[in-house]
1. Just one of the numbered conditions (1) open to solvent by 30 Å² or more (accessible area, probe 1.4 Å); (2) at pLDDT 90 or above is not true of S71; which one?
2. With respect to L140, is the statement that it is open to solvent by less than 10 Å² (accessible area, probe 1.4 Å), in a loop (DSSP other than H, G, I, E, B), closer than 23 Å to K227 by Cα and modelled with pLDDT under 95 true?
3. Could you please find all residues in segment 71-106 being part of a loop (DSSP other than H, G, I, E, B) and without any contact (Cβ under 8 Å) to a residue 40 or more places away in the chain?
4. Please specify each residue of segment 96-113 satisfying the condition of being open to solvent by less than 10 Å² (accessible area, probe 1.4 Å) and within 19 Å of F306 (Cα to Cα).
5. So in segment 285-298, with the set limited to residues that are open to solvent by 30 Å² or more (accessible area, probe 1.4 Å) and modelled with pLDDT of 90 or more, which one is nearest to K159 (Cα to Cα)?
6. Scan Q187, Q165 and give me the residue that is more than 22 Å from P278 (Cα to Cα) and open to solvent by 10 Å² or more (accessible area, probe 1.4 Å).
7. If a residue must be under 22 Å from G237 (Cβ atoms), touching a strand residue (DSSP E or B) at 6+ places or on another chain (Cβ under 7 Å) and not aliphatic (A, V, I, L, M), how many such residues does segment 90-118 contain?
Amino acid sequence: MNIRKNLLISTLVATVLGTSSMQGLAFDFKGVLKDAVEKELGEKPVTTPDEASQTPADTNATDSTSATKTSEPEFNWKNPSKEEEISLGREIAGNLLGAAPLVNDVALQKYVNSVGRWVASQSERPDLPWRFGVIESDDLNAFAAPGGYIMLTKGLYRKLSNEAQLAGVLGHEIGHVVKKHQLKVLQKQQLLNIGAGFLSGKYAKDNKLVSKAIGTGAEISARSLDKSAEYEADRLGLSYATRAGYEPYGLTEVLQTIGQTNKNDSSVALLFKTHPHPDDRLVALGDAIGNKLDNIKNGKTLENRFYQLKN
């Protein structure tokens, strides 16, 4: 990948462009993430890789259904249904994929989905149609959209050295979805827009704000939530990974690695801009955990089955 292409991808991921040409790519999400990954998996129950005997992930992993409904003409922003949340999240994730496509490695995508779905099955929302992907970007980052759509960059994946670290990163993003962090920000914005529309007499009954929210939602997913949401997702991510049988400190190891990256490195520019510094997150996580994990034994790191990138 040449320098010009790298710069283009970084710019696209950072801004999540909403132009008509990008929208065309964005709405091919079903044909990208679903067909490139789910088609390989089929609708069979998802399990961890071949060495599943080494972790609890082999006996309890559950698959999520992929059936979703198209959002209704009038989106219920006050109290969205699960189907509306999933539909909105699918389109938002498509917008993100329009900026940076999936890495062309089916085995990688299958592996990340297997780990991600197992960790998600330990959460409070195991019934969502969880979908995971690794996207073409050298940045160090990960993104979540409502309804269970989660992506991490190839740059961040390269920094990982074992499955417990991957589980921690995915667990953090799963936490955002479980607590509806991005969805709540969108709800607040759109309800304000609707209120303004009523006051101005320009509010359309068919609620065309949904299409506008898709672009806004992609930007929220790629950019910043407030610090409390990030700290909460860190706590949940560590908890889910631990419940899944992994060594509890995978996420903290990743935060330490990222924190050691030079702040002037372009690969962390967006992450440092949109998240609390990793050092601050580690302090907050340490304060929240205390000695609660002292009795956790036999957590797995599974570096021997961690999928190695081909390039």
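1. Every listed condition holds for S71 apart from (2).
2. Details: open to solvent by less than 10 Å² (accessible area, probe 1.4 Å): yes; in a loop (DSSP other than H, G, I, E, B): yes; closer than 23 Å to K227 by Cα: yes; modelled with pLDDT under 95: yes.
It is true that L140 is open to solvent by less than 10 Å² (accessible area, probe 1.4 Å), in a loop (DSSP other than H, G, I, E, B), closer than 23 Å to K227 by Cα and modelled with pLDDT under 95.
3. Quick first cut of segment 71-106, residues part of a loop (DSSP other than H, G, I, E, B) only: 71-81, 100-101, 103-105.
Correct list: E72, N76, N79, S81, N104.
4. Residues satisfying the conditions are L108, Q109, V112, N113.
5. The first filter runs over segment 285-298 and keeps only residues open to solvent by 30 Å² or more (accessible area, probe 1.4 Å), leaving 286-288, 290-292, 294-298.
Applying the additional criterion that residues be modelled with pLDDT of 90 or more yields 286-288.
Values: G286: 22, D287: 25, A288: 25 Å.
Only one residue tops the list, namely G286.
6. Details: Q165 fails: more than 22 Å from P278 (Cα to Cα).
One residue alone meets the criteria, Q187.
7. The qualifying residues number 3.
Every residue, every condition in (1) outside any strand (DSSP E or B); (2) at pLDDT below 95; (3) in contact with a helix residue (DSSP H, G or I) (Cβ under 8 Å, 6 or more places away or on another chain); (4) farther than 21 Å from Q256 by Cβ, yes or no:
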| site | (1), (2), (3), (4) |
| --- | --- |
| V112 | yes, no, yes, yes |
| G116 | yes, no, yes, yes |
| E124 | yes, no, yes, yes |
| L128 | yes, no, yes, yes |
| G133 | no, no, yes, yes |
| I150 | no, no, yes, yes |
| G155 | yes, yes, yes, no |
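The values are calculated or read from the model by the stated rules, or taken from the named source; none is laboratory data. Not measured: the values here are computed from a predicted model. Because the Cβ atoms are built from the backbone with ideal geometry, glycine has one as well, and the counts that use them run over all protein chains shown. Keep in mind that these areas ignore ligands, DNA and RNA; they rest on the heavy atoms of the full protein, side chains included. Shrake-Rupley method; radii C 1.70, N 1.55, O 1.52, S 1.80 Å.
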